[in-house]
Each structure stands twice: as C-alpha cells, then as structure tokens.
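The block underneath contains the structure these notes are about, expressed in structure tokens.
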Amino acid sequence: MTLTLRGITKSYGSLRANDGVDLDVAAGELHGLLGENGAGKSTLMKVLSGFVRADAGEVAIDGRVLSMASPRDAIGAGIGMLHQDPLVFGPFTVLDNFLLASPGGARLDRARGREQLEDAAQRYGFTFDPDAVARTLTVGERQQLEIARLLWLGARLLIFDEPTTGISADQRDKLFDILRRLAADGLMVIFVSHKLEEIEQLCERVTIMRGGRVAGREDMPVPPERLVELMFGEILVIPDRPPATLGPTVLNVRDAGFSDRVEVTDVSIDVAEAEVLGLAGLEGSGQRTFLRGCAGLIAADRGSILVDGTDVTKRSYRAFRDAGVHLLPAGRLEEGLVPGLTIAEHFELVSANRSFFVDWGAADSSARERIASDSIKGTTASTLESLSGGNQQRLLLAMLPSHVRVLLMEHPTRGLDIESAAWVWAQLLERRTNGTGIVFASADLDELLRYSDRIAVFFEGRIIEVVAAAATDSEALGHLIGGRRK
Amino acid sequence: MSRAQRPAWLGSASTAIVSVGIAFGVAVLLLLLVDAPPLEALRLLWDGSFGTVAKLSDTLMTWIPLVLAAAGLIVTFQAGLWNIGAEGQIVAGAIGATWIARSLGGPSAVVITATFVAGAVAGALYALVPGYLRSRFEVHEIFSGVALNFLAGALAVYLIIGPWGRAGTASTSGTDPIREGAWLPTLGAQRISLVAIVAAVVAIVAVAVLMGGTRYGLRVKAVGRSTASARLMGISPQRYTLSAFAIGGGLAGVAGSVQVTGFHHKLVPSISGGYGFLAVLVVLLAGFRIVWIAPIALFFAAIQVGSTQLSLRLSIDSSLAGVITGVLVLSILLVGGWRSRRSLALAARRPVVE
C-alpha cells in the first residue's frame with residue numbers, strides 16, 4: 001500500500017494554505033511532516049482525512065484516485081486521523097467508548113469488542129484498562145484508545161497531528177514506541193510536528209513544508225541545520241544573551257506568603273535591575289500565585305515586598321503599578337486585552353493622556369505608528385479577535401509603559417510561532433538593557449535556560465532552589481522541578 | 001457615535017426589515033383569525049399614532065420616557081450590566097419629582113428644574129443599590145433589579161394611599177395633582193412638552209458623545225467586555241460599574257419625573273407604565289447602539305398609542321400592541337439567530353489554517 005498526493009491546492013480567501021503539494025508515503029513508513037505554524041501542514045492533513053475539500057489535486061492509494069468528500073470517505077479508504085485533543089466520552093468506560101465506533105448493526109457485541117480491544121492492546125502495547133472510566137485516562141491513553149478505534153475501523157494510514165502537545169516525556173516515549181510498532185506492522189504513519197527533535201528521534205523520512213509548499217524531502221538522519229534551513233529558508237541564529245550588568249535591587253521579597261488557589265509560603269528573593277529571573281516548576285506549584293502577589297493583585301499574608309527600596313506590601317494594585325510593577329498574564333484574552341475593542345482603543349485605554357474627551361484622530365495616527373514600530377499585523381480598526389496569537393502578544397507588550405521597573409510574566413511565548421516568540425524575547429531583552437527587572441514563569445525548560453540569569457524552582461508553594469542558569473542544564477532542572485534536590 | 005461591538009446581526013437594517021415583516025405578518029394573521037379587516041386595522045394603528053396632531057403628541061409623550069430610559073440603559077449594557085431595574089428607577093425618579101413638586105414653591109422654572117434634578121438623583125441613588133450589591137457582594141443585578149422593581153412599586157403605592165394620599169379617601173388612583181406651577185409647559189393645547197423633547201434629544205446626544213468620544217465611555221466598554229483585563233490595566237471596575245448604574249438610573253429617573261410633571265401631573269401606582277421593560281427591548285433591538293434608539297423607540301411608542309384606536313373602532317383588545325411588540329422581538333431574535341447560525345456554518349467551511 002502506498003499513498004500519493006499530487007498537486008494539492010487549497011486557498012482560504014486570498015491565503016494559499018496549500019499550493020501544489022506532493023507527498024508520498026510507503027507502507028511501513030514513519031513519515032514526518034515538519035513545518036512552522038502556518039506552513040500548511042494541518043490543512044494538508046485535513047484534506048487527506050476528508051475534513052476539507054481541496055481546490056485542486058488528487059489523493060491516491062495504490063494508484064487509485066479517491067473521491068474525498070467527507071471523513072467517512074477517508075476512513076472507508078483506510079485513512080484515519082488522530083486529533084490534537086482526542087474526543088472521548090468521559091463517563092463511559094474505555095470499552096464503551098471503543099464500541100461507540102463499532103462497525104456493524106444495531107446489536108452491540110461486547111465480547112467481540114473486548115476481544116478486539118485486548119488484541120490491539122497487546123499487539124501495540126496499549127496501557128489502558130478496558131473497564132476504566134474514560135475520564136480517568138491520561139492524554140496518552142486517550143490517544144491509544146483513539147488508535148485502537150481507528151484500527152478497528154480499518155485504518156491503514158494513521159495521521160498524528162502534533163500528538164505530543166500537552167503530554168509528559170514518559171507518555172511521549174510510550175507514544176513513540178507505539179508508533180514504531182504500528183509502522184513495523186506495515187501501517188503508514190504520518191507524524192505532523194513543528195518540533196525538530198521529535199522528527200529526528202522518530203521518523204525515517206521527512207517532508208518539510210514552508211508557506212504552503214513543500215520545501216524539501218529528506219531521508220533521515222539529516223543534520224538539524226539542514227532541517228532548520230528548509231523550515232525557515234535560512235539558518236536561524238539564536239541570539240546570544242547580551243551580558244547583563246546587574247544594577248541595584250528593584251524587587252525585594254522577604255519571607256512572603258500569599259493565599260490563593262495555590263498557597264505560597266516563605267518566599268524570599270531579590271531581583272536586580274536588568275536581571276532576568278526565571279520561575280520553573282510544575283503547573284500549580286505557586287508561580288502564578290507568586291507573580292500575582294508581586295504584582296499587588298493578591299495581598300501578602302506575611303512578609304514584605306519592596307520595590308526600589310520602598311515598602312509596598314500592604315498597598316493597592318494601583319500603588320504597585322505606580323511603583324513600576326507590571327504583570328502580563330498568560331491568558332491574553334481573559335486578563336490582558338479586551339475582546340471587541342480595536343487596536344486603537346487598546347492603546348487609548350492605557351494612554352497617559354488624561355483628558356476627558358478622546359481625540360480619535362490623534363489616537364488613530366499614534367496607534368498607526370505603534371503598529372508599524374512594533375510590527376503588529378493589523379490596522380488601527382482591527383478588533384482583538386481578528387489578530388493572531390502572536391500579534392495579540394505584540395499588542396500586549398506594546399501597551400506597556402516605556403518605563404517599567406519590574407516586569408512579571410506568565411508563559412511569555414506559550415502558543416506563539418517561532419518568529420513571534422523570538423520577537424517577544426527581543427523586546428524583553430531590550431527592556432532589560434533599560435534596567436527593567438524581569439521575572440517570568442515558563443514550562444519550557446529551554447526558554448528558562450536560554451533567557452534567565454537565575455532560575456527559581458517552585459515546588460509545592462515554596463522556592464526550593466535558586467540556580468544560576470549558566471550552571472545548570474535541563475536534566476538537572478527537570479529533577480528539581482520534580483521536587484528532587486541535588 | 002458609539003463604537004459598540006455587538007453580534008453582527010443585531011441592529012442591522014436587513015434583520016430589522018425582515019423581522020418587522022414577520023411581526024406584521026403574524027399580526028395580520030391574528031386579525032384574520034378574529035375576523036377583523038387587517039388593512040383597516042393597520043390604517044387605524046397608523047391614524048391612532050400619527051393621524052392627528054393630538055395623536056402625534058401622545059405618541060411623542062410615550063417616546064420620551066422610552067428614549068430617556070433606553071439611553072441610560074445603553075451605558076449600563078455597555079458596562080456589561082444587565083440592568084433590568086430601569087422600571088424601578090423610573091418609579092424612584094417619579095417619587096423624587098413628586099416630592100419636590102409637593103414641597104417646593106417659587107417660580108415655575110426653578111421648581112421644574114428642581115423636579116428634573118430630583119428625578120435624576122432619586123433614580124441614580126436607586127440604581128446604586130444593585131450597583132453596590134454587584135460590585136461589593138457579587139449579587140447579580142438581574143435579581144436585585146427585579147426585587148427593587150417590586151419595592152419601588154410598593155413604595156409608590158404606600159405613598160399614594162398613605163402619607164401623600166388624598167385627604168379623606170384612601171384611594172390607589174393617585175395622589176392629589178401637583179400644583180400647576182410644577183407642570184411642564186405644553187405646546188398650545190397639546191399634551192406635548194418641548195422641554196421633555198429637548199431632554200430626550202439631549203440624553204441621546206450626551207450618551208452618544210459619552211460612549212463614543214470620551215475616555216470614560218471607552219473604559220466603561222473595557223470593563224463591560226473584560227473586567228479582568230480592565231482591572232489589570234489599572235481601571236477600577238467598581239468605579240465604572242457604579243457610575244454606569246448611576247447614569248442609567250439617573251436618566252430613568254428623569255423619565256419618571258417627566259411622567260409626573262409632563263403627563264400624569266400626580267403620582268400614580270403605575271407611573272412607570274412598563275417603559276423600563278420596553279426600554280430594555282429597545283436597547284436589545286438596537287444592538288446596544290445609540291443611533292438606533294430614537295427610531296426603534298418611536299416605532300414602539302406608535303404601536304402603544306395607536307393600538308388604543310383598535311379597541312375603540314374594531315372592538316379588538318388593545319393588547320394587540322403587546323402582541324405585536326412581543327412577536328417583533330421574537331422574530332428579530334429568530335432572524336438574527338438564523339443569520340448568525342448561517343454565518344457560523346459559513347465560517348466552519350472556512351477553517352483557520354493550522
């Protein structure tokens with residue numbers, strides 16, 4: 001069995017998401033589809049799985065051209081797609097979920113279903129219990145259930161669209177093991193990702209997409225530089241962190257405790273001018289509470305917070321802002337920007353101008369300047385919803401006042417494409433050279449190690465270790481995050 | 001003009017035309033069912049609201065409180081507040097104006113100005129109650145609004161049969177008329193008052209400027225659309241919640257004072273006339289945009305006033321006005337819902353890349 005895609009073209013309005021894409025996959029092959037966000041990978045896979053109809057081009061299996069009008073046609077031809085977030089019915093057992101997809105008539109043959117499921121589980125190393133309630137499954141196990149279901153429906157080609165999003169390293173290794181077994185069994189596997197290391201680790205061949213076209217095809221292994229070049233068109237140079245000249249302390253937290261959903265106790269830390277402090281830790285270990293406490297949104301139960309030597313412990317959020325402390329939260333749409341308002345209105349909301357009447361003419365032209373200088377893709381009249389995540393983050397950063405003493409951030413680049421993430425950090429590092437102390441929480445160890453001067457590791461509401469970023473690596477950091485001290 | 005964001009279908013001209021068509025279609029059907037000639041009924045409806053100068057003046061006197069209350073509601077709705085307490089705020093304003101008219105003597109201009117101020121202050125204070133409950137204790141304004149509407153009505157009845165009652169009779173038909181010095185001057189022999197029209201027009205223009213051209217209006221909209229974001233920007237949601245309630249209640253209170261000084265010339269139990277609820281519908285149909293308030297309110301007022309003709313001439317119950325209004329609202333929601341579903345379906349066929 002072989003899969004052949006020829007000249008797949010799909011436009012959304014003026015945007016060519018796919019432009020004459022060819023793809024070949026052979027039986028038993030683990031084929032990687034690599035590309036940046038927006039390269040056209042998902043569109044191509046939606047065409048292949050029948051969710052989207054191509055404007056032009058054809059899909060053929062073993063040389064026979066398929067008519068693909070719906071996902072049903074695709075699965076009928078043996079093509080199955082796993083979604084980024086597998087759908088399961090939470091209150092049902094694994095077996096019932098499996099049977100929901102069962103081919104055949106009205107009679108539900110539980111015994112046969114169980115047999116099928118256990119058979120697949122043994123063959124590919126699935127770890128779930130057929131009688132467990134689906135709600136209790138990990139994301140990885142839900143994926144296994146979905147695979148079992150697709151196999152039962154007769155899938156011979158399985159598409160995995162960014163399957164490692166939101167799963168742990170252990171689950172990822174397990175998933176990769178399953179994918180290898182599927183390929184060894186003669187199935188075709190297409191693995192879609194924008195993560196180089198995953199493609200390197202798993203795939204035998206890779207097709208690289210850029211701007212809706214195929215930028216290249218390679219047999220693995222290939223030097224990573226080559227893949228990066230194909231992905232981005234040029235070698236991406238990761239700028240070295242400019243050496244920091246740390247100034248006096250801007251933020252001084254002493255024995256502070258904050259009560260929120262996650263309680264934080266006995267935190268003491270200093271942040272110097274131009275310093276970048278990374279906050280590491282599992283989600284819910286207190287980083288969020290700590291950042292909110294430092295921003296003045298949650299009052300400290302005990303201890304003290306000093307900004308530039310001035311005690312602001314019991315002061316209002318407003319007083320923290322006046323002292324130069326600003327928080328950029330993770331949920332840009334929920335607590336940062338205002339849905340329904342335009343870019344110009346956003347800039348006007350945080351404008352230093354205090355006049356009662358708004359001069360919309362002047363507001364419009366100053367917003368236009370900011371849009372150009374901060375390279376936001378949009379117009380002054382664009383509403384927030386019409387902006388991409390990257391551009392929303394740019395807007396949020398552009399709305400900060402020019403003079404910030406302490407900048408607190410949660411996941412500054414989460415969900416952003418590489419270009420926007422690089423832009424965000426370029427902005428942050430520039431602010432740092434102007435003396436801003438930066439504190440940021442991130443789940444991305446590379447980001448923490450690359451940009452921090454020091455990293456504070458949170459565990460169960462406390463800082464258990466503060467390490468110099470230059471003196472540690474992701475492995476050591478990973479141990480600390482799990483609560484294991486050196 | 002207001003730069004309000006709203007569901008795309010609300011306030012759009014084609015939605016309005018189709019919905020009005022449906023509403024009249026249903027009305028015609030109902031008329032045929034009760035063996036009334038539909039064309040004749042529509043003609044009576046038109047004549048009853050715009051046919052003579054007297055009818056037109058009655059329609060405008062209904063239009064004025066509707067516009068005043070609706071303009072105020074624009075501010076509270078833009079602040080994200082479901083202020084359905086306008087009814088009670090109108091009553092509060094009427095009580096305040098009656099109190100001034102009963103107790104203050106002196107030149108007519110002074111007394112009338114004082115009744116306007118008293119109406120606005122009483123309405124604003126009454127609206128601050130749900131505002132305070134909301135911002136301090138997170139009590140939803142719909143529930144407090146309903147309760148306060150009942151309380152205001154009860155207070156009016158108490159005043160009418162109690163302290164402000166007619167000497168010797170305990171009647172719920174109303175207080176003694178206020179003295180003529182407190183009556184709004186009318187145009188000739190008509191009921192219409194130029195002062196009241198000016199008040200309504202000023203309210204529309206003021207709210208339009210406030211919401212579209214001032215920093216205050218922009219912040220109200222920010223709080224209404226995302227309280228958390230506004231708070232992080234250093235905007236105090238409490239402040240804008242309370243002030244939006246005060247402005248909305250103030251304008252409803254002015255509507256109440258006009259009801260007393262320009263229409264009933266006394267306090268009656270049903271002084272608010274249901275205009276507080278009708279104004280919510282006006283604002284909803286206007287898609288929270290001030291430009292549409294005047295024409296929609298005029299349409300509602302015409303149906304209210306014109307339908308009284310129907311009962312006189314065709315012996316059809318004047319509740320037809322309520323039926324047409326209700327069907328109109330439902331058909332606008334229906335047409336709008338259908339349109340947004342269609343645009344959603346179109347969007348689904350046009351998925352976002354990656």
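For this structure, a couple of remarks:
- Selection within the range B:276-293: residues that are open to solvent by 30 Å² or more (accessible area, probe 1.4 Å) and assigned to a helix (DSSP H, G or I). The member of this set that is nearest to B:L56 (Cα to Cα) is B:W292.
- Residue within the range B:256-274 that is open to solvent by less than 30 Å² (accessible area, probe 1.4 Å), more than 30 Å from B:A182 (Cα to Cα), part of a helix (DSSP H, G or I) and in contact (Cβ under 8 Å) with a residue 60 or more places away in the chain present: no
- The single condition from (1) open to solvent by less than 30 Å² (accessible area, probe 1.4 Å); (2) more than 9 Å from every other protein chain (Cβ to nearest Cβ) that A:A352 fails is (1).
- Residue check, A:R370 touching a Phe, Trp or Tyr at 6+ places or on another chain (Cβ under 9 Å) and basic (K, R): yes
Yes/no per residue for (1) more than 14 Å from chain B (Cβ to nearest Cβ); (2) farther than 22 Å from A:Q427 by Cα; (3) in a strand (DSSP E or B):
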position	(1), (2), (3)
A:F290	yes, yes, no
A:R321	no, no, no
A:H326	no, no, yes
A:E334	no, yes, no
A:P339	no, yes, no
A:F347	no, no, no
A:S366	yes, no, no
A:E369	yes, no, no
A:S375	yes, no, no
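- Restricting attention to the range A:172-198 and to residues that are farther than 24 Å from A:D62 by Cβ and under 17 Å from the mean Cα position of the chain (by Cα), the residue that is most open to solvent (accessible area, probe 1.4 Å) turns out to be A:E197.
Residue-wise test of (1) over 22 Å from A:A183 (Cα atoms); (2) open to solvent by less than 10 Å² (accessible area, probe 1.4 Å).
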| position | (1), (2) |
| --- | --- |
| A:E29 | no, no |
| A:T43 | yes, yes |
| A:S49 | no, yes |
| A:E58 | yes, no |
| A:G76 | no, no |
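- Among the helices (runs of 4 or more DSSP H) confined to the range B:136-242, the ones with at least 1 residues that are within 12 Å of chain A (Cβ to nearest Cβ) and surrounded by 21 or more Cβ atoms within 10 Å (Cβ to Cβ) are located at B:194-213, B:215-225, B:227-232.
- Qualifying residue in the range A:312-323 (condition: of a type in the set (V, I, T) and over 27 Å from B:A79 (Cβ atoms)): yes
- Residue count, the range B:291-315 (criterion: under 16 Å from B:P38 (Cβ atoms) and among the aliphatic types (A, V, I, L, M)): 3
- From A:L33, A:L44, A:L23, residue being within 13 Å of chain B (Cβ to nearest Cβ), closer than 11 Å to A:M209 by Cα and in a strand (DSSP E or B): A:L33
- All of (1) exposed (fewer than 15 other Cβ atoms within 10 Å of the Cβ); (2) away from every other protein chain (no Cβ under 14 Å) hold for A:R53 with one exception: (2).
- Any hit, the range A:297-309, residues being at the interface with another protein chain (Cβ under 8 Å from one of its Cβ atoms), surrounded by fewer than 20 Cβ atoms within 10 Å (Cβ to Cβ) and small (G, A, S): no
- Checking each residue in the range B:319-336 for being in contact (Cβ under 8 Å) with a residue 60 or more places away in the chain, open to solvent by 50 Å² or more (accessible area, probe 1.4 Å) and closer than 18 Å to B:G306 by Cα picks out only B:V323.
- Failed item, numbered, when A:A319 is tested on (1) under 33 Å from the mean Cα position of the chain (by Cα); (2) surrounded by fewer than 18 Cβ atoms within 10 Å (Cβ to Cβ): (1)
- The condition (being at pLDDT 85 or above, aromatic (F, W, Y) and part of a helix (DSSP H, G or I)) is satisfied by just one residue among A:F160, A:F176, A:F191: A:F176.
- Taken over the range A:60-74, the criterion of being among the aliphatic types (A, V, I, L, M) and open to solvent by 70 Å² or more (accessible area, probe 1.4 Å) is satisfied by A:V65 alone.
The values are calculated or read from the model by the stated rules, or taken from the named source; none is laboratory data. Here the structure is a predicted model, which means the values were calculated and not measured. Ideal geometry is used to build each Cβ from the backbone, glycine not excepted, and the neighbour counts take in all protein chains shown. Surface accessibility is based on the protein's heavy atoms, side chains included, excluding ligands, DNA and RNA. Shrake-Rupley method; radii C 1.70, N 1.55, O 1.52, S 1.80 Å.
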